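The values are calculated or read from the model by the stated rules, or taken from the named source; none is laboratory data. Just so it is clear, the model here is predicted, and its values are computed rather than measured. Cβ placement follows ideal geometry from the backbone for every residue including glycine, while neighbour counts extend to all protein chains displayed.
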């Protein structure tokens, strides 16, 4: 039986769902593993990014926290869409996770640096490790969720 390849839109849509769920996995990893080990407090980098690129400036801390969460998961959805596009092109598993992680992570650091939000030249070894490991957890979880839980197959 010949199976029909899902459309690019379906592949990217699955990627978005996987990216949001992968971001949930990363968030749990940060809260229950990484932050207790490192002693790092919550990050407002997503809110900083949103405030820099959008005409959005919450007046309260609660508003800023909500913006932070919305941006955090929106960025995860974008990482997931990249995985969906890579999967549509035929990449899967560790190879896809590696390609997407390197591409999106590099763009993330470059964009945030260009916007003046990141100063990677001043980051400690721990800062680099935390940033890379946390975001790799997101990328890996997204890939696993996409490939094994959402099971992109014909007719879906």
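I'd like to check something: does the stretch 10-18 contain any residue that is farther than 19 Å from residue 151 by Cβ and crowded, with 17+ Cβ neighbours inside 10 Å? Explain how you work it out, then say what you get.
Taking the stretch 10-18 as the starting set, the residues that turn out to be farther than 19 Å from residue 151 by Cβ are none.
No, the stretch 10-18 contains no residue that is farther than 19 Å from residue 151 by Cβ and crowded, with 17+ Cβ neighbours inside 10 Å.
Checking the condition at pLDDT 95 or above and more than 20 Å from residue 20 (Cα to Cα), which residue from 143, 98, 63 passes?
63
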**Q.** Contacts under 6 angstrom Cβ, first residue in the stretch 123-143 being on the phi > 0 side of the Ramachandran plot and crowded, with 19+ Cβ neighbours inside 10 Å, partner part of a helix (DSSP H, G or I) and at pLDDT below 95, 6 or more apart
**A.** none
Q.
Just to be sure I understand the filter: pairs with C-beta atoms under 6 Å, separated by 6 or more residues or on different chains, first member in the stretch 66-80 and more than 18 Å from residue 112 (Cβ to Cβ), second member modelled with pLDDT of 95 or more. Which pairs pass?
A. 80/15; 80/16; 80/18; 80/19; 80/142
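Taking helices (runs of 4 or more DSSP H) that fall entirely within the stretch 29-112, which contain at least 2 residues that are under 16 Å from the mean Cα position of the chain (by Cα) and surrounded by fewer than 16 Cβ atoms within 10 Å (Cβ to Cβ)?
Result: 61-88.
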